[in-house]
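Since the structure comes first, as structure tokens, the remarks are kept for the end.
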Amino acid sequence: MKNQFATFCFALGTLLAPVAALAADGDTDRSHPMVYVDDAAITAKVKAGLADEQLSSLANIHVDTDANGAVTLSGTARNQAEIDKAVALARKTEGVTSVKNDIRISNED
């Protein structure tokens, strides 16, 4: 039960993060406000997909999307298999045009 609640809270937080980021966005070089909303939606979809995988180290992966739908993944994972899973999930997400992988394997357990 605790695991389901924690997963729900993580997914909810992930989905609400773009709203908070939009409110605090100081980036004025965007050509149109809807471009930012589209980027945030792609980021939220990728983060939600990572949360659905329920691997604890995937929470240490950061997702950033640019105006062209290019996703950059950064942070740490426990092993190469988890990195590969995160990259594959990002690639199959609707709206993603490319994926740059900057995830490193963590030496910490």
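What follows is calculated from the coordinates using simple rules that are stated; it is not laboratory data. Because the structure is predicted, anything quoted here is derived from the model rather than measured. Here the Cβ is made from the backbone with ideal geometry for all residues, glycine too, and neighbour counts use every protein chain on show.
A few comments on the model shown:
- For peptides 88-98, 41-51, 68-78, sequence by mean Cβ density within 10 Å, most packed first: 41-51, 68-78, 88-98
- The HN-Hα couplings worked out from phi for region 88-102 by the Karplus form 6.51 cos²θ - 1.76 cosθ + 1.60 (θ = phi - 60°) are 4, 5, 5, 4, 8, 6, 4, x, 7, 9, 7, 10, 9, 9, 10 Hz, whole numbers, x standing for Gly and Pro.
- Gained length - ALA81 relative to ARG104, 0.36 nm times residue gap less alpha-carbon distance: 7.1 nm
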